[in-house]
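The values are calculated or read from the model by the stated rules, or taken from the named source; none is laboratory data. Quick caveat: nothing in here was measured; it's all calculated off a predicted structure. Here the Cβ positions follow ideal geometry from the backbone for every residue, glycine too, while neighbour counts run over all protein chains shown. What goes into the accessible areas is simple: the full protein's heavy atoms, side chains included, and nothing from ligands, DNA or RNA. Shrake-Rupley method; radii C 1.70, N 1.55, O 1.52, S 1.80 Å.
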Amino acid sequence: MQQENIYIDGSYLQNNPSWGGEDSGWKAEAIWDLLQRNQIVPKEITDVGCGAGGVLRSLSLRLGGRVSCNGYDISPQAIALANSFAYENIYFFNDDFTTKNIHTDLLLVIDVVEHLKDYYGFLQTIKTKSNHFVFHIPLDLSCRTILKPHVLLQQRNAVGHIHYFTKEMVHWFLKDCGYEVLDIVYTKPVIDIEAPRGIRTAMKKMLRNFSYSFSEDLSAKLWGNYSLLILAK
């Protein structure tokens, strides 16, 4: 089976019935904070690989419903879920955004790159389609996953990650594709959001908190389960 087919034939939905919708709130909050910090006030937002649409809906609410919002996804199942959020200023399309002659003010690329076979081609194609970009990219490569590669296999089987990155690698490929990084922050739900499930996970969370307070980059390299949220142009 080709990797792209899992988003079309229902396989991904079977493994992920909510399509990650439970994470939409904190992702939208992090994006909002990033935009506010950089004084970015978009007139139009487009979300490529929008999934179930929750991030776009949450951002629209933050902006008071005044901004035109459009979400694109190749998966009919994702768009069926997203359509529950459709409103007078929010539209969802079961289509390939890269084939459209569209220019937008802010393009969201949230947890998309790691799923794509040709992510270089994708990034080069969308480069001319927006004034600003927000990327959210998981950092699956860490000391932990190198020592325990089955963790990467679990990510591959469960959520379709086929590329694995470090912070440096993300910088390299964005630069290769002509993007200028304006701001970058870590997102770390495993520390900030997820509740410990017993003494062992509580101890791990304490170690993560300590290492993160000492060095954000070192903590990401040691433990994994961090992502980068990037504002670029």
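State which entries of 117/175; 43/221; 100/188; 129/221; 100/221; 117/221 exceed 29 angstrom in Cα-Cα distance in the structure shown.
43/221; 100/188; 129/221; 100/221
Taking only the C-alpha atoms of the chain, Rg followed by Dmax gives 17.4, 53 Å.
Note on the chain: antiparallel DSSP beta bridges, both residues inside, total approximately 40 percent of the bridges counted.
How much of the accessible area of the chain, probe 1.4 Å, is carbon plus sulfur, in whole percent?
The computed percentage sits at 54.
Treating r as the C-beta distance of residue 203 and residue 171 and R0 as 35 Å, the FRET efficiency rounds to 0.65. Taking only the Cα atoms of region 53-116, the radius of gyration and Dmax are 11.7, 33 Å.
The mean accessible area for residues of the chain, using a 1.4 Å probe and ignoring ligands and nucleic acids, is 51 Å² per residue. Ignoring the sites themselves, the chain has its longest run without GluC sites (Glu not before Pro) in a DSSP loop having at most 15 other Cβ atoms within 10 Å at 89-179. How would you classify region 72-187 from its alpha-carbon gyration tensor, with a ≥ b ≥ c the square roots of the eigenvalues: rounded for a/c under 1.5, else prolate if a/b is greater than b/c, otherwise oblate? Oblate. Helix 167-176 and the longest principal axis of the C-alpha atoms of the chain enclose an angle of approximately 30°.
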